[in-house]
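Below is one structure, written out as structure tokens; comments come after it.
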Amino acid sequence: MSLLVSIETSIQHKGAGTSNLRASDTLENSCHPQAIPYGGSSLMAYVVTVTCIGAKDRSCVEVCPVDCFYDNPNAELNTKYGRPAKGTDVGMLCIHPDECINCGACETECPETAIFEDSGVPDDLKEFVKMNEEATATLSDDQLDDRRVTSR
Ligand code: SF4
Ligand code: SF4
């Protein structure tokens, strides 16, 4: 299946047409994304893991069709995982699990091999599945707009 067909299929499957829609949206409630509770989606998403910390080159955001990468500027991650930041660019990027359409475009683009499908995350990196979820779970719409990382 080509990437374009894969993306179109994923969008149709998840019922999402823009980056403002989440995978858990339905046709009925998609006009009111603020009323949709976070989480609860059983659909697949991609996950950013440890080797993004200290790298953050943002190659992934160039190819994401729905702009679902968010900055997680947590300096404690650099200390915890022993991966110093480049300058002041602390922390890592994370993927919003309810916005990712599971197209896979970012996985091959990452020079650090930091991105995995959630079902394929190596056992020693499983904690990053929850970390990606938590990076955006409690943010308001304004905070999400501030943290979203895009190429546009
Ligand atoms: S391409 Fe990989 S290392 Fe670079 S910002 Fe994206 S996830 Fe992080
Ligand atoms: S798989 Fe990667 S490129 Fe595709 S929507 Fe998810 S985060 Fe974006």
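Taken together, the values in this text are just the output of simple stated rules run on the coordinates, not laboratory data. Note that this is a predicted model, so its numbers are computed, not measured. Heads up, the Cβs are rebuilt from the backbone with ideal geometry, glycines too, and the neighbour counts pull from every protein chain shown.
What the table below lists for this structure:
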{"item": "Where a residue in the stretch 51-71 is under 12 Å from residue 95 (Cα atoms) and its partner, wherever it lies, is among the charged types (D, E, K, R) and more than 9 Å from ligand 1 (Cβ to nearest atom), with Cβ under 7 Å and at least six apart", "result": "66/99; 67/148; 68/99; 70/147; 70/148; 71/147"}
{"item": "Residue in the stretch 112-128 that is more than 15 Å from ligand 1 (Cβ to nearest atom), touching a residue at least 40 places away in the same chain (Cβ under 8 Å) and touching a Gly at 6+ places or on another chain (Cβ under 9 Å) present", "result": "no"}
{"item": "Residue list for the stretch 53-86, restricted to those being of a type in the set (Gly, Ala, Ser), surrounded by fewer than 18 Cβ atoms within 10 Å (Cβ to Cβ) and under 17 Å from residue 132 (Cα atoms)", "result": "75"}
{"item": "Filter result (closer than 26 Å to residue 103 by Cβ and part of a loop (DSSP other than H, G, I, E, B)) within the stretch 57-88", "result": "57, 58, 64, 65, 66, 67, 68, 73"}
{"item": "Flag if residue 125 is over 14 Å from residue 48 (Cβ atoms), surrounded by fewer than 19 Cβ atoms within 10 Å (Cβ to Cβ) and hydrophobic (A, V, I, L, M, F, W, C)", "result": "no"}
